[in-house]
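Below: the structure, in structure tokens.
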């Protein structure tokens, strides 16, 4: 369960949200839409724990009965996916994944094996030592998602993750993402401005409606 | 071309005498060079390492966060303090009779200055300290520019969202990516430390001085044999730079080779609150200006007293204004002359040759100045105002290009395309659209060019042929004499000039953009 309770975010000029509450069930994808500048990213930043200092926020964030809004980014266990894949350019594809893999997999060999297997699961056999810069857009997107998931997050935030892919890739990658989320059974908040991104039967929240109701 | 062209044959003329083996022999038997090289190496290596360390520590501790933002806002002010003025202020702070000793004397009941060597020490440690503090501001400024990029900022969030603490993300994700990008700025810092003369005269050892000062003395000696020795020694400086650059290069390569496979070990953020390192670093900057101000108005100020017994504006009223005006017209001429060159270069210049343009920043200044001087001697223009302005351009131009290139690249080219489709020629589109839109960075660049010119020491001495005195050369010349009041006034004038330029640029942009929010 991901729970936002009574969230108010404001800056010097105005209130972006006031007294907003939202609950996400495990495995559920809630879509957040709205025009640019409506505060979608600000909301995401607050959930991650990286709110711009020019904003101030009150309210609580709970993840599986643990209060998160008082924790630093690294302790929240909330995974993140941007529209840019943000693979670390100084590491190989495999090292990028190993970077996310928990230390539980101790021995170097076991780690590498686990990474190789993940790569093979997403159709990238033998890509371990490749430079991320040599991958295609679709391949990079898949590696990037797997990196986020390998860290075993308890919730997921997707910030327009499909917007930089072309139409065909987009459909494929979308299906891939939702399949993985279902597999992991974690609550997911998706920010997008494309109605086609919304998973079937998923809840959609238009951010301006929300602001009308709650302001 | 006009700026760079003549330096090449000049370099040839300057280096030519050094090709004689007898010159090297005389250098070898001179007896000063070994100790001079040691203090040069100590001051430049320790200075560079400390500067990098402090900048890295500050960034790791404070980025991202509000402290970093406030640090970033203060940097331009500190950066505009010229090297020579900073060295003088630091001298007033840490000398045995300086402010620090006075503060200690207060508690320790000293009645006379301690007998310690805190400045002009034989190893060049005080010079290293001055370089470290001054250059750490520069490196922080470079870091701030890189960290301002969205991709870099997001990598930090990404690393943390994968469970790594801020410090760990810095170490594992950001530093490996940023270090290669910082190699040129660090190289510039090191080259500066190797060939710095003005700061070395003020804070460096006396007999023998650092190698750079020694070279400068030899080069300006009327005896051709000594001049040749100076050329030979300046080749040593270049070799040292190359050797150190190669060594660092090798080290970086080794580190890359031994990058371990990610273990996934997450370390929780240290709960211990780090001391706020940025405060002392900035405090030095403010204290330097404060102590200069106090000395400039002091009348009687004997040792243990923390404040002067009496103050007056007498020193200011009696101050020699000539260096100030010379500096002013020189800096105005140099920066204004450079501006069109910078704009034309950025718009139509060959993009690949930018690296060449930065060469004066990463090569020790001494051989270059010697080359300029040799070229001027050849056409017998040395000691003229034109020559003086020209000699400054070699450093003003690259710094201005370096400052403007970022905003210039970030400019939305679609604006130009729109103008072109409306029938404007490329030239007219630049005049009517691009440059007016970039007014703010252009004015800031102009101010920076002004500041760079104000701080020049070596070119002024050489190309000016001793006929022109700027606040910088005056301050360094006076530093040997010991009238601290007069010295403080010249140092303050040296600080005031660039600050006024930056202030003027800020006011001008604000005023010109008063009806255009997008320009501010």
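We did not get these values from a lab; they are worked out from the coordinates using the rules stated. Quantities reported herein were computed from a predicted structural model and do not represent experimental measurements. Methodologically, a virtual Cβ is constructed for each residue, glycine included, from the backbone with ideal geometry; neighbour enumeration extends over all protein chains shown.
Between residue B:183 and residue B:344, with labels modelled 7 Å along Cα→Cβ, what's the label distance in nm to one decimal, could you check?
The answer from the label model is 3.4 nm.
Determine the gain in length on full extension of the stretch residue A:182-residue A:22; use 0.36 nm per residue of separation and subtract their C-alpha separation, reporting nm with one decimal.
On the way: separation 160, 0.36 × 160 = 57.60 nm, distance 2.01 nm.
Taking 0.36 nm per residue and subtracting the Cα distance, the gain is 55.6 nm.
Given Cα pairs under 8 Å that are at least 6 residues apart, what percent is the relative contact order of the range B:312-520?
Numbers: 217 pairs, mean separation 65.3, N = 209.
Normalised by residue count, the contact order of the range B:312-520 is 31 percent.
Report the relative contact order of the range B:192-338, percent, no decimals, based on alpha-carbon pairs under 8 angstrom and at least 6 residues apart.
Taking the mean separation of contacting Cα pairs over the length of the range B:192-338, I get 10 percent.
Describe numerically, in nm with one decimal, the distance between label points set 7 Å from Cα along Cα→Cβ at residue B:49 and at residue B:253.
2.2
Given 0.36 nm per residue, what is the gain on full extension from residue B:283 to residue B:316 after removing their alpha carbon distance, in nm?
Extra length available between residue B:283 and residue B:316 comes to 9.3 nm.
List the relative contact order of chain B as a percent without decimals, with contacts defined as Cα pairs under 8 Å and 6+ residues apart.
Working: 703 pairs, mean separation 117.0, N = 520.
With pairs under 8 Å counted, the relative contact order is 22 percent.
Over the whole of B:159-170, what's the average partner chain Cβ count within 10 Å per residue? Rounded to a whole number, please.
Averaged over the peptide's residues, the number is 6.
In peptide A:96-108, what is the residue-averaged number of other protein chain Cβ atoms found within 10 Å of each Cβ?
Mean shielding by partner chains, rounded to a whole number: 4.
So how do A:44-55, A:127-138, B:119-130 stack up, highest first, on mean other-Cβ count within 10 Å?
The most tightly packed comes first, giving B:119-130, A:44-55, A:127-138.
What is the antiparallel percent of DSSP beta bridges lying wholly in the protein assembly as shown, to the nearest 5?
Percentage antiparallel, nearest 5: 50.
With r as the distance between the Cβ atoms of residue B:500 and residue B:300 and R0 = 30 Å, compute the FRET efficiency 1/(1 + (r/R0)^6) and round to 0.05.
0.45
Which order do the peptides B:105-111, A:105-111 take when ranked by the mean count of other beta-carbon atoms within 10 Å per residue, highest first?
A:105-111, B:105-111
Can you compute the FRET efficiency between residue A:107 and residue B:77 using 1/(1 + (r/R0)^6), with r the Cβ-Cβ distance and R0 = 56 Å? Round to the nearest 0.05. Don't jump to the answer; show the numbers that get you there.
Details: r = 53 Å, r/R0 = 0.94.
So, using R0 = 56 Å, E works out to roughly 0.60.
Per-residue Cβ counts within 10 Å, from other chains only, averaged over B:232-240: what number is that? Write down the numbers at each step before the final one.
Values: counts 0, 0, 0, 0, 0, 0, 0, 0, 0.
So the per-residue partner count for this stretch is 0.
Kindly state, to the nearest 0.05, the FRET efficiency for residue B:57 paired with residue B:149, given R0 = 30 Å and r defined as their beta-carbon distance. Please report the intermediate quantities before stating the final value.
On the way: r = 21 Å, r/R0 = 0.71.
The calculated FRET efficiency here is 0.90.
Treat each spin label as a single point 7 Å out from the Cα along the C-beta direction, and report the residue B:106 to residue B:243 distance in nm.
4.6
Taking the number of other C-beta atoms within 10 Å as the exposure measure, put A:160, B:300 in order starting with the fewest.
B:300, A:160
Pull out the extension gain between residue B:261 and residue B:117, defined as 0.36 nm times the separation in residues minus the alpha carbon to alpha carbon distance; nm, one decimal.
Net length gain for the segment: 47.0 nm.
What 222 nm value per residue comes from the helices of chain B, counting each DSSP H run with n ≥ 4 as -39,500 (n - 2.57) and dividing by all residues, nearest 500 deg cm²/dmol?
After summing the helix terms and dividing by residue count, I get -22500 deg cm²/dmol.
In bins 10 Å wide, starting from 0, what share of all Cα pairs of chain B does each bin hold, as a percent?
Binned Cα distances yield the sequence 4, 16, 27, 27, 18, 8, 1, 0.
Taking neighbour Cβ counts within 10 Å as the exposure measure, how do B:369, A:35 sort from fewest upward?
On the way: B:369 30, A:35 11.
Fewest-to-most Cβ neighbours within 10 Å comes out as A:35, B:369.
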